[in-house]
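Q: Structure below; questions to follow.
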Amino acid sequence: MQRRIALSLGLVLGLALLAAHGQVHAQSPSPATAPEPALGDPMPDRILTLANGVTVNADIAYSVIPGYRPIILDLYRPAAQAGPLPLILYIHGGGWANGHTRQSGAFSDFPAVLADLSARGYVVASLEYRLSKEAPFPAAIDDVRTAIRFLRANAARFGLDGGKVAVWGGSAGGQLAALAALQCGGAPTGEDKSNPGQSDCVQAGAGWYGVYDFATMPQAIAGAENAYLDCVKPDCPADRVRAASPAAHVDAKDPPMLLIHGTDDKVVPAAQSQQLAATLKAAHVPVTLEIIPGVGHSWIGADAAATRAASLRALDLTFRFFDTQLKGRK
C-alpha cells in the first residue's frame with residue numbers, strides 16, 4: 001500500500017515537472033486555422049498614449065504591394081476629439097534613401113513634436129515610403145498618394161475630415177510634399193491602385209529645404225538624386241527630370257504653399273525655395289516664403305542655440321500656417 005502511494009505520488013510529481021518544462025501538451029488550446037493560407041496580421045493595434053494625452057496608432061500598414069515590405073504610417077489623434085478633424089501628413093527626409101517616420105532634423109523627440117501638432121486639433125500621419133534603393137521614382141510619390149487615398153477612405157475610422165488635408169515634409173520629404181500638393185488628380189498610378197474613388201489632392205502644402213527643380217540643382221547631392229531618379233545627371237531624360245520636379249507642375253489651381261529654407265544650406269540651396277515661390281506667385285498661387293538667416297540644412301546653425309532657435313521658428317511658422325489654411329485662423 002505504501003509502495004502504491006509512493007508510486008502515485010511519484011507519477012504526479014513527474015507529470016508536474018514535465019508540465020513545468022512544457023512537455024505535456026494535453027491541456028494546451030488548439031490553434032485556430034483557416035481553410036486557406038491566412039495572410040492577415042492578427043496582432044492587435046499598437047496604440048500608445050503620450051504625455052499630453054495624444055494617442056498614437058503605430059505602424060498602420062497603408063499599402064501592401066507584392067514583393068515589398070508593408071508600407072506603414074503612425075497616426076496621432078488628440079485626447080478630446082469632437083467630430084472629424086483636419087489631417088496633416090508628414091513625409092520624412094533622408095535623401096530618398098534613409099530616414100523614418102519618427103525623425104526630423106535636430107529634433108531629438110520628433111514624435112513629441114507631432115503629438116503637439118495633433119493636440120492643436122489635428123489628425124497627424126507620419127509616413128514611411130519606398131526608398132530609392134528599394135524602388136526609384138515614382139515609387140515614393142506613388143506611396144504618398146496611396147496614403148492620402150487610404151486615409152480619406154478610412155476617414156470615419158480615424159476621425160478625420162477628408163476635405164481638409166495638408167502635406168508637409170523636409171528635404172526629400174519636402175520634394176515629395178510639394179509634388180503631392182502641386183500635381184494631383186486622375187486615376188491612381190503605380191503598383192497600388194487601391195481606393196480609386198478617393199482624391200489624392202490636398203488643401204495646403206509645406207516644404208522645408210526641399211528640392212523643387214532637379215534641372216537647376218547643383219551637384220551637391222548627385223548620388224542621392226541619381227539613385228532616386230534612376231539615371232545619372234545631367235544625362236537623365238528631360239521628361240523624367242520634369243516629372244519629379246514640383247516646380248514643373250505649378251498651375252493656378254494649386255493650394256497655398258509654405259516654403260522655408262536656410263541661407264547657409266550647402267546641401268539644397270535656398271534658391272530652390274526662392275525659385276518655386278516665384279513660380280507659384282507668377283501663377284497666382286498663394287505662397288509664403290521664409291528664409292532663415294545663418295542656418296543650413298536641417299536648421300543646423302553655428303551652435304546649439306542657433307540650431308534650436310531656427311528649428312523652433314520653422315515649427316511655429318508651419319503650425320500657424322496649418323491653423324490658417326485648415327482652420328481659418330489668423
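Q: Note down the nm distance, to one decimal, between modelled labels 7 Å out along Cα→Cβ at Ala252 and at Asp239.
A: The two pseudo-label positions are separated by 2.8 nm.
Q: For the stretch 46-327, would you read off the P(r) tail past 24 Å as a percentage of all alpha carbon pairs? Could the numbers behind the result be given before it?
A: Working: 18036 of 39621 pairs.
Every Cα pair in the stretch 46-327 considered, those over 24 Å come to 46 percent.
Q: Determine the share of the chain's accessible area contributed by carbon and sulfur atoms, expressed in whole percent, with a 1.4 angstrom probe. Can you show the working numbers first?
A: Values: 9200 of 15770 Å².
With neighbouring chains kept in place, the figure for the chain is 58 percent.
Q: Long-range amide H contacts for Ser104: which residues qualify at under 5 Å (H placed 1.01 Å from N, peptide plane, sequence gap of 5 or more or a different chain)?
A: Those lying under 5 Å, H to H, from Ser104 are Phe110.
Q: Strictly over 24 Å apart at the Cα level, which of Lys193/Lys327; Lys164/Lys193; Lys133/Lys193; Lys253/Lys281; Lys133/Lys281; Lys193/Lys233 would you flag in this model? Working shown, then result.
A: Values: Lys193/Lys327 31 Å; Lys164/Lys193 22 Å; Lys133/Lys193 22 Å; Lys253/Lys281 12 Å; Lys133/Lys281 35 Å; Lys193/Lys233 30 Å.
Check vs 24 Å cut-off fails for Lys193/Lys327; Lys133/Lys281; Lys193/Lys233.
Q: What are the residues whose amide H is under 5 Å from the amide H of Gln203, where those residues sit 5 or more places off or on another chain and H is modelled from the backbone?
A: Close amide H contacts, sequence-distant or interchain: Val165, Ala166.
Q: Hey, what angle do you get for helix 110-119 against the long axis of the chain, alpha-carbon based, 0 to 90 degrees rounded to 10?
A: 80
Q: OK, next. Would you grab the residues whose amide H sits under 5 Å from the one on Ser132? Only those 5+ places off in sequence or on another chain, please, with H modelled 1.01 Å from N.
A: Here the answer is Ala97, since their amide H atoms fall under 5 Å of that of Ser132.
Q: How big, in percent, is the set of alpha carbon pairs in the stretch 104-246 lying more than 28 Å apart?
A: Values: 2076 of 10153 pairs.
The share of Cα pairs beyond 28 Å in the stretch 104-246 comes to 20 percent.
Q: If you don't mind, there's one more thing I want to ask. Taking the 0 to 90 degree range and rounding to the nearest ten, how far is the long axis of helix 271-282 tilted relative to the main principal axis of the chain, both from C-alpha atoms?
A: It works out to around 70 degrees.
Q: Evaluate the relative contact order of the chain (contact order divided by residue number), counting alpha-carbon pairs under 8 angstrom at least 6 apart; express in whole percent. Intermediate values should be presented prior to the final figure.
A: Numbers: 622 pairs, mean separation 45.2, N = 330.
Value for the chain: 14 percent.
Q: May I ask you to evaluate 6.51 cos²θ - 1.76 cosθ + 1.60, the Karplus curve with θ = phi - 60°, for each residue of the stretch 305-316 and list the ³J(HN,Hα) values in order in whole Hz, giving x for glycine and proline?
A: 5, 5, 4, 5, 4, 5, 4, 5, 5, 4, 5, 4
Q: Here is a further query. Any chance you could give the angle, 0 to 90 degrees and rounded to 10, that helix 139-153 forms with the longest Cα principal axis of the chain?
A: Helix 139-153 sits at roughly 70 degrees to that axis.
Q: Here is a further query. How big is the stretch 232-330 by the Kirkwood estimate over distinct Cα pairs, in Å? Spell out each step's value before the answer.
A: Working: mean 1/r = 0.0664 Å⁻¹.
The answer is 15.1 Å.
Q: Here's another thing I want to ask about it. Probe of 1.4 angstrom, ligands and nucleic acids ignored: what's the accessible area per residue over the stretch 46-327, in square angstrom?
A: Details: 10760 Å² over 282 residues.
Heavy-atom SASA per residue in the stretch 46-327 reads 38 Å².
Q: How large is the dipole of the stretch 46-327 about the Cα centre if only Lys and Arg carry +1 and Asp and Glu carry -1, each at its Cβ, rounded to the nearest 20 debye?
A: Values: 23 positive and 25 negative charges, 109 e Å.
Using only the charged Cβ atoms, the result is roughly 520 debye.
Q: Further question on the same structure: For the stretch 99-199, which trypsin sites (Lys or Arg not before Pro) pass both filters: DSSP loop (anything but H, G, I, E, B) and at most 12 other C-beta atoms within 10 Å? Kindly include the intermediate steps, with their values, before the conclusion.
A: Numbers: sites: Arg102, Arg120, Arg130, Lys133, Arg145, Arg149, Arg152, Arg157, Lys164, Lys193; in loops: Arg102, Arg120, Arg130, Lys133, Lys193.
Hits after loop and neighbour filter: Lys133, Lys193.
Q: List, in order, the whole-Hz ³J(HN,Hα) value for each residue of the stretch 89-102 obtained from phi through the Karplus relation with A = 6.51, B = -1.76, C = 1.60 and θ = phi - 60°; use x for Gly and Pro.
A: So the Karplus estimates, Gly and Pro as x, are 9, 9, 10, 6, x, x, x, 6, 10, 9, x, 7, 5, 10 Hz.
Q: Further question: What list of ³J(HN,Hα) couplings, whole Hz, do you get for the stretch 34-46 from phi and the Karplus terms 6.51, -1.76, 1.60, once you set θ to phi - 60° and write x for glycine and proline?
A: 10, x, 8, x, 8, 9, x, 10, x, 4, x, 4, 8
Q: Another one. Return the distance in nm (one decimal) between the two label points of a simple spin-label model at Leu39 and Arg320, each offset 7 Å from Cα along Cα→Cβ.
A: The modelled label-to-label distance comes out at 5.0 nm.
The values are calculated or read from the model by the stated rules, or taken from the named source; none is laboratory data. Nothing here was measured: the structure is a model prediction, and the numbers come from that model. Every residue, glycine as well, gets a Cβ built from its backbone with ideal geometry; the counts of neighbours run over all protein chains shown. All accessible areas refer to the heavy atoms of the entire protein, side chains included, with ligands and DNA or RNA removed. Shrake-Rupley method; radii C 1.70, N 1.55, O 1.52, S 1.80 Å.
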